[in-house]
C-alpha cells in the first residue's frame, strides 16, 4: 500500500501554497473547493507539508537521502 500525504480538511484554509509548491501537479482543487492529492502523480517530496501554514498536510512517510 502506497502511503500518500494526508489532508486534514478541518485545518485547511485553501490558501493554495501546497498547490504552488507541488512541482508534479499532484495537488488539485475540486469544484467544491477541496484540496486532494492525486496518487499517481505524487513524487513524495513532502514540499506540500513543508509549506502548509496551518499544518493541514502531513506526510506519513520519511524522506531518506542516501549518501555515497
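Laboratory data are not the source of any read-out in this text; all were calculated from the coordinates shown. These numbers were taken from a predicted model, which means no experiment stands behind them. Cβ atoms come from the backbone with ideal geometry, glycine included; neighbour counts cover every protein chain shown.
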Checklist outcome for this item: Mean separation of Cα contacts under 8 Å (at least 6 apart) over the residue count of the stretch 6-58, i.e. the relative contact order in percent, is 47
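Taking other Cβ within 10 Å of each residue's Cβ, how do 40, 6, 49 sort, fewest first?
Arranged by neighbour count, lowest to highest, 40, 6, 49 become 40, 6, 49.
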